[in-house]
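Laboratory data are not the source of any read-out in this text; all were calculated from the coordinates shown. It should be emphasised that the depicted structure is a prediction, and the values quoted were computed from it without experimental measurement. Glycine gets a Cβ as well: all are built from the backbone with ideal geometry, and neighbour counts include every protein chain shown.
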Amino acid sequence: MDIPSIATRSQPDTYVARRNGSDVIIRLDASTPHVDEREFDCHGGKLIYKLDGPSTFAYSCRVGDEIVYTITKYGKTNRVGASNATEEIGYTIRYPASQRSYWDPVVSHMSRSLRFTH
């Protein structure tokens, strides 16, 4: 996935981008769960976007003065023990709603560039 050039790694799975005095947090996620849970949680905010496709689940919420966007892409499903496990990659980004015109295209690019490496 293409991470914005203004972002720096703060932890192995977290990047922080500072823009106009606000910190924007990008958290990466990769896992192989046994259960495909496609649920959204806006934490009391308002759902503003949702995509539920066969290989992608994404949603965006307005929570107070922030936009929270989460995407998960699904890869290969393997048999593990008595159940199936599907590879997942994704990220969550939180950015100020006032900077939406800047961040929306960045988020779109990041989502398009999110791919499995195998």
Query raised in the report: When the Cα centres of the range 36-70 and the range 6-35 are compared, how far apart do they sit, in Å?
Result: 17 Å
**Report entry** Equivalent ellipsoid, the chain (semi-axes from 5 times Cα gyration tensor eigenvalues, Å)
**Finding:** 26, 17, 12
Query raised in the report: Among residues other than residue 57 whose Cβ falls under 10 Å from its Cβ, what is the net charge (Lys/Arg +1, Asp/Glu -1)?
Result: -2
Query raised in the report: Can you give the charge dipole size of the chain about its Cα centre, rounded to the nearest 20 debye, using +1 on the beta carbon of Lys and Arg and -1 on the beta carbon of Asp and Glu?
Result: 280 debye
Query - Relative contact order of the chain, pairs being alpha-carbon contacts under 8 Å that are 6 or more residues apart, as % - result: 26 percent
